[in-house]
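Worksheet for the structure shown next.
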Amino acid sequence: MEALPDLTLHRPATLAELRALLDANPTARLLGGGTDLLVNLRRGIDTPDVMVETTRVADLHGLSVADDGALTVGAAVTLERLAADPAVRAGWPALAQAAEAVAGPTHRAVATVGGNLCLDTRCVYYNQSEWWRSANDYCLKKAGEMCHVAPKSKICFACFSGDVAPAALVAGATVRLSAPTGEREIPLTDLYREDGAAHLTLAPGEIVVSLTVPSVAGWETAYRKVRVRGSVDFPLAGIAMAIQRTDGQVTALRLATTGTNARPLLVDGIDALLPAPADEAFLDTLERLMGKQMQPMSSTFTPQTYRRRVALNVMRGLVGGEGLRV
Ligand SMILES: Cc1cc2nc3c(=O)[nH]c(=O)nc-3n(C[C@H](O)[C@H](O)[C@H](O)COP(=O)(O)OP(=O)(O)OC[C@H]3O[C@@H](n4cnc5c(N)ncnc54)[C@H](O)[C@@H]3O)c2cc1C
């Protein structure tokens, strides 16, 4: 691990101050709880001159349910608070389960919703010390010219491994963004693209201000992840589900994955299969549909074929409602 680089840390108290600091320092890095970013700084992956912290910005700490039933969570709300909030636990179980499944308790006490949604992608060739990466001639994601995972590829296959995004995606969430030019709201799915080196679509200086999750009343929602170390670990695969069942038929279904692609993946094309009974034939069809869209690569310590099998088995357990067939 490297020593932290010399840098100036700003700790604004309002969104207007934070905006002004980012506008005045276009190369500044935004710091949430720092549970991922600080590790990357200590690895020499990032060497910012200026960092601007979100956690003291009062405007980013809201957590409220509107009259239309939608939940809005500020970007600086901690995952500990999100997971423990009674309204979230009752109304958005998958979201609470996902927040509760991130890292360990001490991480969650400071880790923020904004930091989790904007979590950097991960790869065994990237999350390494400076000397390790330099000895390997770096990689496509940072300072190098080749993706060691897919040497002929022009794009990077580092993997998105945040837990909260899939749970929010299956509820049809949106994010509010603040840019030097003003604010805008976009579907959460549009925050991401399938490129491990540039998986966020944020414009320069643009930040996430809040996450809004519509009511999921009438839906059964769940988030399940599998990880190597049960007490504290990134998902080797995580699946979020929102489902409606009527008279033994699945009438509505949304599935999203993490740990499988360079972005959290909202599975496409499920509507065309519904209504359908949640039987083996339907689960086989879902497997084929998801299997084509997932792209686990050898970017993590667990083999890609294993992660694919785990993701599909977790999906079968959730949709089939009969426990995991692992
Ligand atoms: C041992 C260990 C285990 C972990 N396990 C998991 C896990 O199981 N699941 C998981 O999801 N994560 C895991 N993490 C990663 C991390 O702890 C979490 O993802 C956490 O939620 C990140 O939030 P943060 O506030 O600390 O982000 P930070 O580290 O502060 O920031 C992360 C990134 O988000 C950007 N960012 C922060 N806030 C905003 C914003 N409002 N708008 C735009 N960009 C922003 C930062 O610039 C940075 O690039 C783990 C980390 C460690 C060290």
- [ ] Go through the residues of segment 62-83 one by one and say whether even a single one is within 18 Å of residue 38 (Cα to Cα), open to solvent by 20 Å² or more (accessible area, probe 1.4 Å) and not assigned by TED's automatic domain parsing to the domain that holds residue 189.
- [x] no
Scanning segment 129-138 for residues that are assigned to a loop (DSSP other than H, G, I, E, B) and open to solvent by 40 Å² or more (accessible area, probe 1.4 Å) gives 136, 137, 138
Quick check: anything in segment 294-307 buried (at least 21 other Cβ atoms within 10 Å of the Cβ), among the hydrophobic types (A, V, I, L, M, F, W, C) and either within 29 Å of residue 66 (Cα to Cα) or away from the ligand (no atom under 16 Å from the Cβ) (or both)?
no
Scanning segment 266-283 residue by residue, the ones that are open to solvent by 30 Å² or more (accessible area, probe 1.4 Å) and over 21 Å from residue 247 (Cα atoms) total 3
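Considering only segment 213-221, I want to know if a residue exists there that is β-branched (Val, Ile, Thr), within 30 Å of residue 21 (Cβ to Cβ) and open to solvent by less than 60 Å² (accessible area, probe 1.4 Å).
Yes: segment 213-221 contains one or more residues that are β-branched (Val, Ile, Thr), within 30 Å of residue 21 (Cβ to Cβ) and open to solvent by less than 60 Å² (accessible area, probe 1.4 Å).
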Scanning segment 222-232 residue by residue, the ones that are of a type in the set (D, E, K, R) and surrounded by fewer than 16 Cβ atoms within 10 Å (Cβ to Cβ) total 1
If we keep only residues of segment 105-126 that are part of a loop (DSSP other than H, G, I, E, B), under 26 Å from residue 303 (Cβ atoms) and open to solvent by 20 Å² or more (accessible area, probe 1.4 Å), then the residue farthest from the ligand (Cβ to nearest atom) is 125
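Under the condition of being of a type outside the set (A, V, I, L, M, F, W, C) and touching an Asp or Glu at 6+ places or on another chain (Cβ under 7 Å), which residue from segment 246-265 is surrounded by the most Cβ atoms within 10 Å (Cβ to Cβ)? Steps first, answer last, please.
Filtering segment 246-265 down to residues of a type outside the set (A, V, I, L, M, F, W, C) leaves 246-249, 251, 254, 257-261, 263-264.
Restricting the remaining residues to those that are touching an Asp or Glu at 6+ places or on another chain (Cβ under 7 Å) gives 258, 261, 263.
Working: 258: 30, 261: 21, 263: 25.
Ranking the qualifying residues of segment 246-265, first place goes to 258.
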Counting only residues that are crowded, with 24+ Cβ neighbours inside 10 Å, closer than 10 Å to residue 197 by Cβ and within 16 Å of the ligand (Cβ to nearest atom), segment 139-159 contains a total of 3
query = Restricting attention to segment 206-214, does a residue exist that is over 17 Å from residue 74 (Cα atoms) and not β-branched (Val, Ile, Thr)?
reply = no
Residue 162 fails exactly one of (1) open to solvent by 20 Å² or more (accessible area, probe 1.4 Å); (2) within 24 Å of the chain's Cα centre (by Cα), namely (1)
Residue pairs within 6 Å by beta carbon, gap of at least six or interchain, first lying in segment 270-297 and closer than 12 Å to residue 311 by Cα, second among the basic types (Lys, Arg) and open to solvent by 30 Å² or more (accessible area, probe 1.4 Å), listed first then second, are 296/308
Only unsatisfied item for residue 93, checking (1) in contact with a strand residue (DSSP E or B) (Cβ under 6 Å, 6 or more places away or on another chain); (2) closer than 26 Å to residue 201 by Cα, is (2)
Margin query: So for segment 6-17 (the condition being touching a His at 6+ places or on another chain (Cβ under 7 Å), farther than 27 Å from residue 240 by Cβ and open to solvent by 10 Å² or more (accessible area, probe 1.4 Å)), does at least one residue qualify?
Written below: no
Exception for residue 152 within (1) within 20 Å of residue 265 (Cβ to Cβ); (2) out of contact with any Ser or Thr (no Cβ under 9 Å at 6 or more places or on another chain); (3) basic (Lys, Arg) falls at (1)
task: For segment 283-306, indicate whether the set of residues that are at pLDDT 95 or above and outside any helix (DSSP H, G or I) is non-empty.
output: yes
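The values are calculated or read from the model by the stated rules, or taken from the named source; none is laboratory data. From a predicted model like this one, the values you see are computed outputs, not experimental measurements. Here the Cβ is made from the backbone with ideal geometry for all residues, glycine too, and neighbour counts use every protein chain on show. SASA here: full protein model, heavy atoms, side chains in, ligands and nucleic acids out. Shrake-Rupley method; radii C 1.70, N 1.55, O 1.52, S 1.80 Å.
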